[in-house]
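Below is one structure, written out as structure tokens; comments come after it.
The values are calculated or read from the model by the stated rules, or taken from the named source; none is laboratory data. The shown structure was predicted, so the numbers you read here are calculated from the model rather than taken from an experiment. Cβ coordinates were reconstructed from backbone atoms using ideal geometry, including for glycine residues, and neighbour counts include every protein chain displayed. Side chains are part of the model used for accessible areas, which takes the heavy atoms of the whole protein and leaves out ligands, DNA and RNA. Shrake-Rupley method; radii C 1.70, N 1.55, O 1.52, S 1.80 Å.
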Amino acid sequence: MLQAQRWPDTLWIIRHGESAGNVARDAAHRSNAARIALEGRDVDVPLSPLGQEQSLSLGRWFASMPESERPEVVLCSPYRRARQTAALIHEAGGLPVAPDDFVIDERLREKEFGVLDGLTTHGIRQEMPEQAEFRRILGKFYHRPPGGESWCDVILRLRSALDTISLHHAGRRVAIVGHQVVVLCLRYLLENMTEEGILAIDREGDVPNCGITEYRFDPSAGSNGALTLARYNFVVPLEREGTPVTAEPDAKAVAP
């Protein structure tokens, strides 16, 4: 007996627009600084002016679709830069869903870096060489800095988020607005990857700001259908408008 569809018809996973943290991180690395010049909590870092422009460009691309093809459910990280991105996509006409109806889900938050928060790669090696060594031994996938998370920790909470999506939003068009590691870890889960497989994709380059990863439900995949990858790191909406494409890691994603 064929089971009911458990996945959305379409799933878009969007990395937030360029943030002030991305800009500060890039400046810190250019100057070989140990720390990134940012004050306050990572959760409160806003979009840069370019990040706002990128979000509006993406919103206009969604707005060019028939409303029957646009997202009807929006799930968003609670971090300010992600919420701003979703709100600006809506402002540009790209989301029929009102911001008050966005589902803010803490399981979609950025990877937490604990004691490494705010340090550049140079700073980690200089101020916490033991953590740089632990990371070298354990690898990027399993290393958990004190007070922070490993990729496996992020994957654990994202398994729960996907269960919620399949329970409440099967057969619908769903957009997720989150962060670079969230995009990669969702690919790991949805495509049943190995550690080696997802880290090979990670080494190919960073996920662009406002880049789209899109899945579509294929009823012929597997025994009961599955989401299949339609596109990854899709930035045509930005390129069409001449909006600069950026792909800096998040300010906190600095482990060597």
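With the requirement that a residue be without any contact (Cβ under 8 Å) to a residue 12 or more places away in the chain and among the aliphatic types (A, V, I, L, M), what does the stretch 12-60 give you?
The first filter runs over the stretch 12-60 and keeps only residues without any contact (Cβ under 8 Å) to a residue 12 or more places away in the chain, leaving 27, 30-31, 39-41, 49.
The one that is without any contact (Cβ under 8 Å) to a residue 12 or more places away in the chain and among the aliphatic types (A, V, I, L, M): 27.
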Looking only at the stretch 108-116, decide whether some residue is under 16 Å from the mean Cα position of the chain (by Cα) and open to solvent by less than 10 Å² (accessible area, probe 1.4 Å). yes
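State whether the residues of the stretch 46-61 include one that is open to solvent by less than 20 Å² (accessible area, probe 1.4 Å), among the aromatic types (Phe, Trp, Tyr) and at pLDDT 90 or above.
no
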Would you please name the residue that is modelled with the lowest pLDDT, looking only at residues in the stretch 15-40 that are of a type outside the set (A, V, I, L, M, F, W, C) and within 18 Å of the chain's Cα centre (by Cα)? 25
Can you pull out every residue in the stretch 145-172 that is over 23 Å from residue 80 (Cα atoms) and buried (at least 18 other Cβ atoms within 10 Å of the Cβ)? 145, 169
Report, ordered by the first and then the second residue, all pairs with beta carbons closer than 7 Å, sequence separation of six or more or different chains, a first member in the stretch 143-162 that is more than 17 Å from residue 192 (Cβ to Cβ), and a second member that is part of a loop (DSSP other than H, G, I, E, B) and open to solvent by 50 Å² or more (accessible area, probe 1.4 Å). 148/112; 149/112; 150/142; 150/144; 153/144
If I filter the stretch 190-197 for residues that are over 27 Å from residue 118 (Cβ atoms), among the small types (Gly, Ala, Ser) and surrounded by 19 or more Cβ atoms within 10 Å (Cβ to Cβ), do I get at least one hit? no
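For the condition at pLDDT 95 or above and in contact with a strand residue (DSSP E or B) (Cβ under 8 Å, 6 or more places away or on another chain), what is the one hit in 199, 186? Walk me through it before giving the result.
Details: 199 fails: in contact with a strand residue (DSSP E or B) (Cβ under 8 Å, 6 or more places away or on another chain).
One residue alone meets the criteria, 186.
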Log entry, pairs with first residue in the stretch 166-189 being over 15 Å from residue 154 (Cα atoms), second being charged (D, E, K, R) and open to solvent by 10 Å² or more (accessible area, probe 1.4 Å), beta carbons closer than 6 Å, six or more apart or on different chains, reads 166/6; 170/6; 171/9; 172/72; 173/9; 173/72
Residue 126 - would you say it is open to solvent by 60 Å² or more (accessible area, probe 1.4 Å) and not small (Gly, Ala, Ser)? yes
Hey, any hits in the stretch 212-227 for a residue that's within 26 Å of residue 98 (Cβ to Cβ), free of Cβ contacts under 8 Å to residues at least 60 places away in the same chain and not aromatic (Phe, Trp, Tyr)? no
Taking the residues in the stretch 133-144 that are among the aromatic types (Phe, Trp, Tyr) and in contact with a helix residue (DSSP H, G or I) (Cβ under 9 Å, 6 or more places away or on another chain) as candidates, determine which candidate is least open to solvent (accessible area, probe 1.4 Å). 141
Would you confirm whether any residue within the stretch 20-34 is assigned to a loop (DSSP other than H, G, I, E, B) and buried (at least 17 other Cβ atoms within 10 Å of the Cβ)? no
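Residue-by-condition table, conditions (1) touching a helix residue (DSSP H, G or I) at 6+ places or on another chain (Cβ under 9 Å); (2) among the aliphatic types (A, V, I, L, M); (3) under 16 Å from residue 116 (Cβ atoms):
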| position | (1), (2), (3) |
| --- | --- |
| 9 | no, no, no |
| 12 | yes, no, no |
| 18 | yes, no, no |
| 21 | yes, no, yes |
| 24 | no, yes, yes |
| 28 | yes, yes, yes |
| 33 | yes, yes, yes |
| 36 | yes, yes, yes |
| 39 | no, no, no |
